[in-house]
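Rule-based calculations on the coordinates, nothing more; no lab input. As the structure is a computational prediction, the values presented were derived from the model and not from experiment. In this analysis, Cβ positions are derived from the backbone assuming ideal geometry, glycine residues included, and neighbour counts consider all displayed protein chains.
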Amino acid sequence: MEVLGHFNYWVVVVLMMIGFYALIARGNLIKKIVGLNIFQASVFLLFITLGKVTGGSAPIIAEGITVYSNPLPHVLILTAIVVGVATTALGLALVVRIHESYSTIEENEIADMDREP
Amino acid sequence: MIAQFPALQVVIPLLGAPLCIILRRGALPWLIALLVSWAALAMAATLLSQVADGEIISYALGGWLAPLGIEYRIDTLNAFMLLLVAGTSSAVLPFAYKSVAKEIPQDRHYLFYSGFLLMLTGLLGMAITGDAFNVFVFIEISSLSSYAMIAMGRDRRALSAAFTYLVMGTVGATFFLIGVGLIYAVTGTLNMADLAERLPPLYQSRTVLAAFAFISVGILLKLALFPLHLWLPNAYTYAPSVVTAFLAATATKVAIYLLLRFGYTVFGAEFVFNIVPASEVLLTLALAGVIIASFVAIFQSDVKRLLAYSSVAQIGYIILGISYANVTGLTASIVHIFNHAVTKGALFLVMGCVAYAAGACRLESFAGLGKRMPLTMAAFVIAGLSLIGVPLTAGFISKWYLVLGAMEKGWWPVAAVILATSLLAAVYVWRVVEIAYFRDAPADAPPLSDPPLALLVPTWVLTGACVYFGIETSLSLGFAEQAAIQLMGGG
């Protein structure tokens, strides 16, 4: 029960590790950004899970409902999602410019080209 | 009006950024950035004078009271950091006019100044806010704009440097976010003052330990403590001169401020030093960073990169002071944040002058510069002495306190390491000075002279500050001491 009850947290940890692994192990810059996105998404999920109150309804005031989920983490994560989108956009824009000037988006090839000035 | 200064401190630079994009003609964006930055400096100075007697200003943003609303909470340390950030940008921006004109294509100038103001907004916001999540937002504002600014460098390597910084910076900020989520989960609040009250009963909780680990690793990534510094050398080397000077003087320093704020105010010294072995960990990493980065700096062939590695070493000194866990060490750290910002700012502006005149900062292009650019190289020598820590310069004051703090703890080997690594600093500064003064320029070298006054004056203002704060220490040391006592007192 304990394990199932923490289902969301298990998903968070698994996603976090997948994202982090992709970020570190992949040499392709686009794949790095995908990894970064998965990593960030896991944190969004963590926050949203924190806001869940057992038996709580969506945080909209309505008659007959007394228990609401905590809306604050939702609001925080809206901000964090915007930040994540901005990071992705900037990262992709950098990859485009890297591709224009290096003609590759593989990390090791870029490192090789940087070494010989 | 003055009551609204805490909000205006952040809002004015934030509004200045889009204004630069709307009024993009000619020198207007630069003028806007300059005026905004000077206004921010005036406000920071006013705030500092208000909290100078130990008072704490609490400002409820938008009238929403803490802990629900976002609180801006200003004590001596906050105000000191605000002054440092706004002061550096005010000194660097007059330099930017000519330097940016030379290094960045005309059609991107307005974007540059707009990005610069966003960076300023983010750093000021990080230094002023009293809300843990708000810190994350400001970290990302300053980081995103600094990635874009670094990518504006002329060399294509600026792009890969910016990308590396983007990846590592985002991981750092996300770690920070995870930590904030975890402490929110156990305490149900994000307000720092509130957290400080609710955390002590939970010190043994594993969630709090995990949160502390995530937050501190996240911040250490941002402040580039060895071995998390890998993004820094390339980013500093290939960014435009103005950006390097500003980032080196402020970005890592504000991250150190965050470490202090979370370590002392939010989690509390009791937790950080007695329950978590933070002192031992920081001491080890700081010493390793100081020694290794100083050695690496000696072998660099690009002077900007040499100074970047020296920055990693200097960050090690600052963290070293924190690891002492006593008031003297903390004072040394805070005063070194200030002194190193002034010194590195001056040195990177000298690099900007050299890049302006000679086009590159490679070591061999410094040959004969002592004769051909006497004023520029004189500034390098003085700021270099401050970097080494020679008496009568700012660097001496902080090293003196670092050694005092080490002796107070009875850590003689640490004091010896500080002195020995200062010699390493002397070696890498000397390498540049030797080439500049004692090696003649190659016969086919193009004629060079000192850059125009628009570049020399800001460089010399910061260089003068290196000497000024080495003699008259009531501003830097006085406030640093007061801030250290406030932090240690749990305030």
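Summary table
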{"quantity": "Which of B:Lys253, A:Lys32 has the fewest Cβ neighbours within 10 Å, and the rest in rising order", "calculated": "A:Lys32, B:Lys253"}
{"quantity": "Cβ-based exposure ranking for B:Val296, B:Val290, in which fewest neighbours within 10 Å come first", "calculated": "B:Val296, B:Val290"}
{"quantity": "Computed magnitude of the charge dipole of chain A (debye, nearest 20; Cβ of K, R +1, Cβ of D, E -1)", "calculated": "300 debye"}
{"quantity": "Quotient of Cα Rg and 2.2 N^0.38 Å for the protein assembly as shown, N being how many residues it contains", "calculated": "0.94"}
{"quantity": "Kirkwood Rh and Cα Rg combined as Rg over Rh, evaluated for segment B:277-491", "calculated": "1.02"}
{"quantity": "Range of Cα positions in segment B:38-113 per principal axis (Å), largest first", "calculated": "46, 28, 16"}
{"quantity": "Per-residue HN-Hα couplings for segment B:468-479 [Karplus 6.51, -1.76, 1.60; θ = phi - 60°; Hz; x = Gly/Pro]", "calculated": "4, 6, x, 10, 9, 9, 5, 6, 5, 5, x, 5"}
{"quantity": "Distance (nanometres) between label positions extended 7 Å along Cα→Cβ at B:Ile21 and B:Met1", "calculated": "3.0 nm"}
{"quantity": "Label-to-label distance, nm, for residues given as B:Leu31 and B:Asp155 (7 Å Cα→Cβ offset)", "calculated": "3.6 nm"}
{"quantity": "Projected label distance in nm at A:Ser57 and A:Tyr21, using a 7 Å step from Cα toward the beta-carbon", "calculated": "4.2 nm"}
{"quantity": "Cα convex hull of segment B:28-165, projected area averaged across orientations, nm²", "calculated": "9.2 nm²"}
{"quantity": "Computed over chain B, the ratio Rg/Rh where both radii use C-alpha atoms and Rh is Kirkwood", "calculated": "0.95"}
{"quantity": "Counting all C-alpha pairs of segment B:397-491, share separated by more than 23 Å (%)", "calculated": "55 percent"}
{"quantity": "HN-Hα J in Hz across segment B:292-305 - Karplus 6.51, -1.76, 1.60, θ = phi - 60°, x for Gly and Pro", "calculated": "5, 5, 5, 5, 4, 4, 4, 9, 7, 9, 10, 5, 4, 5"}
{"quantity": "Exposed-site-free run, longest, chain B (rule: chymotrypsin sites (Phe, Trp or Tyr not before Pro); DSSP loop; at most 12 other C-beta within 10 Å)", "calculated": "B:65-298"}
{"quantity": "Efficiency of FRET between B:Ala445 and A:His99 - r from beta-carbon atoms, R0 35 angstrom, step 0.05", "calculated": "0.45"}
{"quantity": "Likely footprinting exposure, B:Ser279, B:Ser58, B:Ser476, A:Ser42, fewest C-beta neighbours within 10 Å first", "calculated": "B:Ser58, B:Ser279, A:Ser42, B:Ser476"}
{"quantity": "Given B:Lys102/B:Lys304; B:Lys222/B:Lys304; B:Lys98/B:Lys344; B:Lys102/B:Lys399; B:Lys304/B:Lys399, the pairs whose alpha carbons are separated by over 27 Å", "calculated": "B:Lys102/B:Lys399"}
{"quantity": "Value of Rg to Rh for segment A:2-115 (Rh from inverse mean 1/r over Cα pairs, i.e. Kirkwood)", "calculated": "1.17"}
